[in-house]
There are 4 protein chains.
Amino acid sequence: MNEETLDELITKNKVYCSMGANASYIPALASVNPNQLGVSLYHIGSKELISAGDASVKFAIESISKVPALLLAIEDNGLTTVLEHINTEATGFTFNSPLNMEINHDKHPLNPFVNIGAIETTSLIKGDSPDTRFSRLLTFVKEICHDESISLNEEIYESESKTGDINRSLAYYLKGNHMLSGDVESILEVYFKQCSLNVTTINIAMMASVLGNKGVKPWDNKRLISEESATLVKSVMTTAGLYDESGEFSAHVGIPGKSGVGGGLMGVAPNKYGIGVFSPPLDKSGNSLAGMKLLKDVVIDLQLNIFS
Amino acid sequence: MNEETLDELITKNKVYCSMGANASYIPALASVNPNQLGVSLYHIGSKELISAGDASVKFAIESISKVPALLLAIEDNGLTTVLEHINTEATGFTFNSPLNMEINHDKHPLNPFVNIGAIETTSLIKGDSPDTRFSRLLTFVKEICHDESISLNEEIYESESKTGDINRSLAYYLKGNHMLSGDVESILEVYFKQCSLNVTTINIAMMASVLGNKGVKPWDNKRLISEESATLVKSVMTTAGLYDESGEFSAHVGIPGKSGVGGGLMGVAPNKYGIGVFSPPLDKSGNSLAGMKLLKDVVIDLQLNIFS
Amino acid sequence: MNEETLDELITKNKVYCSMGANASYIPALASVNPNQLGVSLYHIGSKELISAGDASVKFAIESISKVPALLLAIEDNGLTTVLEHINTEATGFTFNSPLNMEINHDKHPLNPFVNIGAIETTSLIKGDSPDTRFSRLLTFVKEICHDESISLNEEIYESESKTGDINRSLAYYLKGNHMLSGDVESILEVYFKQCSLNVTTINIAMMASVLGNKGVKPWDNKRLISEESATLVKSVMTTAGLYDESGEFSAHVGIPGKSGVGGGLMGVAPNKYGIGVFSPPLDKSGNSLAGMKLLKDVVIDLQLNIFS
Amino acid sequence: MNEETLDELITKNKVYCSMGANASYIPALASVNPNQLGVSLYHIGSKELISAGDASVKFAIESISKVPALLLAIEDNGLTTVLEHINTEATGFTFNSPLNMEINHDKHPLNPFVNIGAIETTSLIKGDSPDTRFSRLLTFVKEICHDESISLNEEIYESESKTGDINRSLAYYLKGNHMLSGDVESILEVYFKQCSLNVTTINIAMMASVLGNKGVKPWDNKRLISEESATLVKSVMTTAGLYDESGEFSAHVGIPGKSGVGGGLMGVAPNKYGIGVFSPPLDKSGNSLAGMKLLKDVVIDLQLNIFS
């Protein structure tokens, strides 16, 4: 694949931008230009990066941040301990619902990629203050994305914090059911901040390439996370990375993915590519509509489907 | 891997036979000797089959039959039509519950591997009588398992039919919600029969190898199903093949799998191996306990994890 | 109250006929003239019956039949035994849903007035064949309604039976969970027949008056059911008689009531009145819209609210 | 009934104290002497108060406070406005669950006597600060209970506030779904305080007598609340006053009731008696076990069942 082909895929799929709708719960997401579509591919073997479309546009990482937060929680506590707090099972419901837990009387959030599990995950990141914990996470994100310039979008953060009552409800649900240690507001501060980082598709592609390269950063051949952790996270991305559309994404795209309501989408082709996509308009499950279409085309073109 | 190594894995994992419990809802399953563990691996490239333990024991295929039924339904109707009737999403609940559908007001069963979706799938198999439809399915199973001797276990079938009231409830639920065409009792007759086929781990390994070989039977290089169909089914096995334990299996074993309450377990290592496992005692989700342990060891030993 | 006042209430409330919709799942209900409103009041003390509007129109009793079926089941088995099979709790969901049972893992239907509990109730009526059981129930209905001419509407029965798949699903759910004795289709035959009786508001008022008179038929001073049974049934009518609108009806009308999708509505003013109402168009919960409005006016006018 | 008979009922029912368990979520409730049973009856007509057993023991009002909070919210806003915020329907689930709302996508809490509806109710009490709102509620409680000495139990309040995370979760759920106006922590402060008032069975009996006397205080013949409000509240107590045991209580006791986890139980016999009961050990639904048994005996002895 070359940039020319990528450009064609951008052109082909841009029409889907008009078929979804930006996240509307905060003005800073609602007001983003919806007619954007960008993609970056980082090839693990050749260390070559190619991009097309709006690949340099900064957007809010939102739920894609659940991946580095989980990786850091695993580094901090070990995989076993993390899996004592959070399961790796699909919930069958939307991202912000406690329904399955409440019905099944689960003792743990079902997976780290629905909000209630992500809040639990963030609570496991070590540090003696919210500032320290967020600072450690930001450092980790910069390293896994190979970009020192990644920073907090203060406007997004203020809005997330102000409108985050459903997340507060989920956090207090965990706390009230004795599943969460620490101060709820402090945990939510880190959680809202992690969702408010500004990234580009290039950042996302680099992060994906570390997962795809068994935990070793391709650009400097240094291990950042354990192979076991990278493998597990790719598995959970497959079964639960796109909320209640994870099974559809798995069936129709066929690589581990993780979406965010900022319009970002991360795809991992194990041992081959890290992929970052961005297009703000979402489908009803909260996943980037044009982004998924484009990613599907890339997967087909490069024969990346892991089930094939 | 050779048979000696397989033998060692049988010995190592046989201890888990005592930690689960046979399916107990029908005598014919409850009375099976629980202290059995068998495995067969069919290597797609070399066309070599190796087995260990109780690989020649016949057992009831049960829910593993949902795979060939889905494949035949796709052959009969095309993938698009089948996906208009059944989704490919995890439900978050046990195999015999309509909970998620009822809560989410879904118009379709969430996936073909929970009972309600499997009944829907079976209803799509073509034929002008239950006998014809079952006969066509049996022929297909014989072909994909490369074994003309596969036959109905009448005792199991009688029991399944007699005790199948929850399945009847699910079928009438579909019918009453206008999601099922045809006569409910006729559809259930085929469904109960498909669950009551006697198979061995060798049969299961051969079936898995066709899925692993993109739809082409490795033993005669003839295509049986489309590549698209084989890919999709492996994806759905990954997200929904082990009921409400699918995510755990995916995270800890890492290949597409499908279980049955007869103790069977099918694993597919794309382009490498078809794997059949058998051990009757089940865990609380209804999956073979020793079978999953053994399969995990095989996957690690042969480095088959698709997320690695 | 005299017939003139009743006539005025008919005129006043007839406007609501156009704001609801007939039950549409069978033609025989859908095609009933929607612009009908009738009412009958039987005064327990004076044994005086007054009626207005379409009081002599025959309509399908539907779910109001759950009351005499419960009364007969209690006569047949004793109250204690019946309450070992069915609880007296509101479900929080619509009349034909198993949701609450499935979520709470209940061992019994929550109450006898949702369909799943009504099917259970009907299964407790004694008799060695469906014909005998239905015949006994019909005899009981004739007696409690003081009308020998009550008979089965064959057209309604055929339709109910033909389209009753959700009820079949509920019955097999009970059977599969070991909560139902006897043959499902036989039980459903009686159930569908009991729903298909033709009655008038006069019939309903007479039945209500027996409940209101502590189980003694006012017209001949003979006890038909126990006082304990009459009291319990009025209580369950209050908490669960109008499906998921029971609490609203209790709060805004304030007497024990039971509705049917044929447009019938029974109200009991203890020790004062038996009331029958009829108007086919239903609200979204399946209760007669104009019927409830009219009944509310009657209750206010006669100061019958039991909570006042 | 005289005090001698009441004494006998205390003696008879005290055995049930050992069959339940005190609320255990806060030490101040867990450590209460479980072997207590008290009752007070206030006769509306004769203005006579009789008591027996532990009638002068102060206990935490807990959920019984939901009744005066609702009454004050109605006085402050009118019944119509309150019913635009809160329904009057049973939920089918335990007192602290959002399940029914979440499943049915309800726009309002289902009733004012489950916690989520009670929090909503408290938010409707007028006042420009939490202190003012609580002060107004306390004044109202003193008046309806005819006892100026009623005061806050600071130890209970501190514990309720400290351990109230599930209530916080419910409040933020309402807030996040745009159903709650005002600051969540301020609303919860009033809510936790209202639950922490110390009362006696005499207080409860007096409050009940105002409800039973159509809103007029029997002791001074002055109206405190509207008749409409008193009638509605008695109805909602009947359908939802004892959580997911309301239907059972209605069927087996048969008067409007409201329980609290402090062991209190209020019963209203319209136009006859206000009744207060106290016994700390609770059944699994959170209702006073000996209290319900005693109240049932009182209702039978005095023939108070409103469905009879």
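Across region A:201-253, the qualifying residues are those that are part of a loop (DSSP other than H, G, I, E, B) and without any contact (Cβ under 8 Å) to a residue 24 or more places away in the chain, and the one among them that is nearest to the other protein chains (Cβ to nearest Cβ) is A:G215. Restricting D:F278, D:F307 to those that are touching a helix residue (DSSP H, G or I) at 6+ places or on another chain (Cβ under 6 Å), more than 10 Å from chain C (Cβ to nearest Cβ) and modelled with pLDDT of 95 or more reduces the list to D:F278. Can you confirm whether C:E62 is modelled with pLDDT of 95 or more, in contact with a Cys (Cβ under 7 Å, 6 or more places away or on another chain) and not aliphatic (A, V, I, L, M)? When the stated conditions are applied, C:E62 passes them. Scanning region A:10-29 for residues that are open to solvent by 80 Å² or more (accessible area, probe 1.4 Å) and within 20 Å of A:L49 (Cα to Cα) yields a single hit, A:T11. Within region D:5-19, is even one residue β-branched (V, I, T), in contact (Cβ under 8 Å) with a residue 24 or more places away in the chain and part of a loop (DSSP other than H, G, I, E, B)? Scanning region D:5-19 turns up no residue that is β-branched (V, I, T), in contact (Cβ under 8 Å) with a residue 24 or more places away in the chain and part of a loop (DSSP other than H, G, I, E, B). Note on region C:176-199: residues that are polar (S, T, N, Q) and either in a helix (DSSP H, G or I) or in contact with a Lys or Arg (Cβ under 6 Å, 6 or more places away or on another chain) (or both) total 3.
On the stretch given as region B:67-100, residues that are farther than 22 Å from B:G260 by Cα and either of a type in the set (S, T, N, Q) or open to solvent by 10 Å² or more (accessible area, probe 1.4 Å) (or both) total 10.
Matching residues to (1) open to solvent by 10 Å² or more (accessible area, probe 1.4 Å); (2) over 25 Å from A:E245 (Cα atoms); (3) among the hydroxyl-bearing types (S, T, Y):
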site	(1), (2), (3)
B:T201	no, yes, yes
B:N221	yes, yes, no
B:E228	yes, no, no
B:T231	yes, no, yes
B:T238	no, no, yes
B:G247	no, no, no
B:S259	no, no, yes
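Within region D:138-151, count every residue that is open to solvent by 40 Å² or more (accessible area, probe 1.4 Å) and either under 18 Å from the mean Cα position of the chain (by Cα) or in contact (Cβ under 8 Å) with a residue 24 or more places away in the chain (or both). Residues that pass the stated criteria total 5.
Note on region B:46-103: residues that are aromatic (F, W, Y) and more than 11 Å from chain A (Cβ to nearest Cβ) amount to 2. A single entry from A:E227, A:E189 fulfils the requirement of being within 30 Å of A:K162 (Cα to Cα) and more than 15 Å from the chain's Cα centre (by Cα): A:E189. If you go through region A:30-43 and keep only what is surrounded by fewer than 22 Cβ atoms within 10 Å (Cβ to Cβ), outside any loop (DSSP other than H, G, I, E, B) and out of contact with any Phe, Trp or Tyr (no Cβ under 7 Å at 6 or more places or on another chain), you end up with just A:A30. Taken over region C:163-181, the criterion of being within 23 Å of C:N77 (Cα to Cα) and open to solvent by 40 Å² or more (accessible area, probe 1.4 Å) is satisfied by C:K175, C:N177, C:H178, C:S181. The condition (being polar (S, T, N, Q), under 30 Å from D:G164 (Cα atoms) and in the same structural domain as D:N221 (by TED's automatic domain parsing)) is satisfied by just one residue among D:S40, D:S46, D:S51, D:S18: D:S18. For region D:104-137, residues that are at the interface with another protein chain (Cβ under 9 Å from one of its Cβ atoms) and crowded, with 24+ Cβ neighbours inside 10 Å total 2.
The residues of region B:254-272 that are more than 9 Å from chain A (Cβ to nearest Cβ) and part of a loop (DSSP other than H, G, I, E, B), listed by number, are B:I255, B:G260, B:V261, B:G262, B:G263, B:K272. For region B:164-179, a tally of residues being over 22 Å from the mean Cα position of the chain (by Cα) and either more than 9 Å from every other protein chain (Cβ to nearest Cβ) or farther than 18 Å from C:L99 by Cβ (or both) returns 3. Just one of the listed residues (C:D54, C:D7) is in contact with a strand residue (DSSP E or B) (Cβ under 9 Å, 6 or more places away or on another chain), of a type in the set (D, E) and surrounded by 18 or more Cβ atoms within 10 Å (Cβ to Cβ), namely C:D54.
When residues in region A:44-102 are screened for being farther than 30 Å from B:I103 by Cβ and in a helix (DSSP H, G or I), 11 of them pass. Taking the criterion of being among the small types (G, A, S) and touching a helix residue (DSSP H, G or I) at 6+ places or on another chain (Cβ under 6 Å), the residues of region A:99-130 that qualify are A:A118, A:S123, A:G127. A single member of D:G182, D:G215, D:G257 is under 17 Å from D:N287 (Cα atoms) and small (G, A, S), and it is D:G257.
Restricting D:V184, D:V199 to those that are closer than 23 Å to D:L265 by Cα, touching a helix residue (DSSP H, G or I) at 6+ places or on another chain (Cβ under 8 Å), among the β-branched types (V, I, T) and modelled with pLDDT of 95 or more reduces the list to D:V199.
The values are calculated or read from the model by the stated rules, or taken from the named source; none is laboratory data. Since the model is a prediction, treat every value here as computed from it, not as a measurement. Cβ sites come from the backbone with ideal geometry, for glycine too, and all protein chains shown count toward neighbours. Heavy atoms of the whole protein, side chains included, go into the accessibility calculation; ligands, DNA and RNA do not. Shrake-Rupley method; radii C 1.70, N 1.55, O 1.52, S 1.80 Å.
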